[in-house]
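Undergrad: Quick one: structure below, then a few questions.
Rule-based calculations on the coordinates, nothing more; no lab input. In this text, all values refer to a predicted model and were calculated from it rather than measured experimentally. Every residue, glycine among them, receives a Cβ derived from its backbone with ideal geometry; neighbour counts consider all protein chains shown.
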Amino acid sequence: MDSINIKKLAEALNLSTSTISRAFRDNSDISGATKERILAKAKELNYQPNHYASNLREQKSKTIAVIVPELANNYFSQAIHGIERVARENGYHILIYVTDDDYHKEVNFIGHLHNGRAEGIVMSVSGEANDHNYLNNFGAKRLPLVFFDRIYEDIETPRVITNDYNSSFLATEHLIEQGCKRIAYMVVNKSLSIGKTRMQGYIDALAKHQVLFDESLIVDCSNSYEENSVIIKEALNQLKPDGVFTSVERLAFATYYACYDLGISIPDDLKVISFSSLEIAPLLNPSLTTITQPATEIGEQAAKLLFKILDDHQDKNRLTEVVLQSKIIKRNSTAKPAKNA
């Protein structure tokens, strides 16, 4: 049998090719009965619409870009899953770009995407210490952009974040309630907005419970597992904390490894809590107490904000902020010693 194209399908139904095309795009000016007849005949003849060719004619890529600092973090994997789900429901594909926390990569990616590769961008930023004005240099031609998780405060664009300050306050308070008096706060970059916000929650919780703040207990780590191993072991040996609050997931792993190497028992000698969306957190030994962000929902909400701009023509510079709630899941890494019978 010859392959069926849109022209042959139109002839079989005695309809115009434009009517067929509008039916597959689900245009409202085509009646339900006509759409049903077209779809039934298309299925009978095994016709598949060429959306790629249609997109070229409409000068649309039907693609959105997702820019993230890393993929190893389970949080970003879940967020991307949420973005992809919404994109697929809207007939779009996604392109994923990983900056490795490199500001120059981010700038290059954004510039590349303005050549028509994508219609919009969902991004968790990497270069807060740098000049962000490159985003404003595109002027009115800047692609619709939505921030999630990590943002640039000075760029007016929609964003989806979580209640990081309150979560950090409650996490620190939980360690204090479990008996900790020397709590180390481990962060990858305390100059980032997330690092600063989470650190302030930690500091304020100490103040509320009249626990002395010791700046040396704020441990600035890196993106390197090898470097973090050295930094954390040194911190545990020299600072002697009885509690550790890690601002990102990978620092919790590094702390577990360091404790194993140093013979430090979790939770008897050291209690650990971390921001993490890791699904296997309950299976770690001991199970990890986490501040769990709704990562998939964050991705979904960010994508929905983008499609409000793409489909509903909402102002792309409108400062819409969605704040979602994280939750503390208490597990064995912060447990008190069992009382003797």
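Undergrad: Note the full-extension length gain between Arg88 and Ile4 as 0.36 nm times their separation in residues minus their Cα-Cα distance, in nm to one decimal.
TA: That pair, Arg88 and Ile4, stretches by 27.7 nm at full extension.
Undergrad: Let me ask you something else. Output the relative contact order of the chain, whole-number percent, from Cα pairs under 8 angstrom with separation of 6+ residues.
TA: Rounded, it is 18 percent for the chain.
Undergrad: Find the relative contact order for the stretch 221-341 and round it to a whole percent, using C-alpha pairs within less than 8 Å whose residues are 6+ positions apart.
TA: Contact order relative to length: 25 percent.
Undergrad: With only Lys, Arg, Asp and Glu charged, each at its Cβ (+1 for the first two, -1 for the last two), find how big the charge dipole of the chain is about the Cα centre; round to the nearest 20 debye.
TA: The calculated dipole for the chain is roughly 1040 debye.
Undergrad: Going Cα to Cα from Lys181, which lysines come in below 18 Å? Please leave out same-chain ones fewer than 8 positions away.
TA: Lys208, Lys240, Lys271, Lys336
Undergrad: Please compute the contact order of the stretch 97-206 in relative form: average sequence separation of alpha-carbon pairs under 8 Å and at least six residues apart, divided by the residue count, as a percent.
TA: 23 percent
Undergrad: Using amide H atoms built 1.01 Å from N in the peptide plane, name the residues 5+ places from Leu324, or on other chains, whose amide H lies under 5 Å from its own.
TA: Ile161, Thr162, Asn163
Undergrad: Exactly which GluC sites (Glu not before Pro) in the stretch 221-304 are in a DSSP loop and have at most 13 other Cβ atoms within 10 Å?
TA: Taking the stretch 221-304 and a limit of 13 other Cβ atoms within 10 Å, the loop GluC sites (Glu not before Pro) found are Glu279.
Undergrad: While we're on this one: At a Förster radius of 56 Å, what calculated FRET efficiency corresponds to the Cβ-Cβ distance of Glu215 and Ile280, to the nearest 0.05?
TA: 0.95
Undergrad: Going by amide H atoms built from the backbone, whose H comes under 5 Å of the H on Phe275, apart from near neighbours?
TA: Under 5 Å from the amide H of Phe275: Thr246, Val248, Ile291.
Undergrad: Under 5 Å between amide H atoms, partner at least 5 residues away or on a different chain: which partners does His93 have, H built in plane at 1.01 Å?
TA: Thr63, Ile64
Undergrad: Multiplying the sequence separation of Lys43 and Ser77 by 0.36 nm and subtracting their Cα-Cα distance, what value in nm do you get?
TA: Contour length minus the Cα-Cα distance gives 8.7 nm.
Undergrad: Name the aspartates and glutamates eligible as straight-distance cross-link partners of Lys105: C-alpha to C-alpha under 19 Å, and not fewer than 8 places from it in the same chain.
TA: Straight-line reach from Lys105, under 19 Å: Glu70, Glu128, Asp131, Asp149.
Undergrad: Quickly estimate the mean residue ellipticity at 222 nm for the chain, helices only: each DSSP H run with n ≥ 4 gives -39500 (n - 2.57), and the total goes over all residues, rounded to 500.
TA: Only helices count here, giving -13000 deg cm²/dmol.
Undergrad: Right, something else. Quick one: Cα centre-to-centre distance for the stretch 84-100 and the stretch 174-227, in angstrom?
TA: Their Cα centres are 34 Å away from one another.
Undergrad: How much FRET efficiency would the formula 1/(1 + (r/R0)^6) give for Ala338 and Glu36, where r is the Cβ-Cβ distance and R0 is 56 Å, rounded to 0.05?
TA: According to the calculation, E is roughly 0.30.
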